[in-house]
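Novice: Let me give you the structure first, and then I'll get to my questions.
Just so it is clear, none of the values below were taken in a lab; they were calculated from the coordinates. Nothing here was measured: the structure is a model prediction, and the numbers come from that model. Methodologically, a virtual Cβ is constructed for each residue, glycine included, from the backbone with ideal geometry; neighbour enumeration extends over all protein chains shown.
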Amino acid sequence: MSKTWLKSNLTTITTDNAGKEQKRTFNNINSNVTEEKINNFGKIIAELTGKTTTDINLTVVSAINE
């Protein structure tokens, strides 16, 4: 049995000093992505926005082949 990576998205949530959250979604993430790369991406988003990245979620849709 094998898996075929169909699609993915990465959602980041940033929070400003007032507690207001902003959600950003990025689609078609590379199947070779690592946890380290995802965490680094969250840090980049925080630096670019000037807000704290409070949550990062990777959602993957795969097909299971027999």
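Novice: Roughly how tilted is helix 35-49, in degrees to the nearest 10 and between 0 and 90, from the longest Cα axis of the chain?
Specialist: 30 degrees
Novice: Tell me, what are the semi-axes, in whole angstrom and largest first, of the equivalent ellipsoid of the chain as set by the roots of 5 times the Cα gyration tensor eigenvalues? Intermediate results must be reported in sequence, preceding the final value.
Specialist: Numbers: eigenvalues 165, 26, 12 Å².
Its equivalent ellipsoid spans semi-axes of 29, 11, 8 Å.
Novice: Determine the calculated [θ] at 222 nm for the chain from helices alone, applying -39500 (n - 2.57) to every DSSP H run no shorter than 4 residues and normalising by the residue count; nearest 500 deg cm²/dmol. Walk me through the numbers on the way to the answer.
Specialist: Numbers: 1 runs with 15 residues, N = 66.
Calculated from helices alone, the mean residue ellipticity at 222 nm is -7500 deg cm²/dmol.
Novice: At a 10 Å Cβ-Cβ cut-off, how would you order Ser2, Ser31, Ser8, fewest neighbours first? Intermediate values should be presented prior to the final figure.
Specialist: Numbers: Ser2 8, Ser31 12, Ser8 17.
Ordered from fewest to most neighbouring Cβ atoms within 10 Å, Ser2, Ser31, Ser8 come out as Ser2, Ser31, Ser8.
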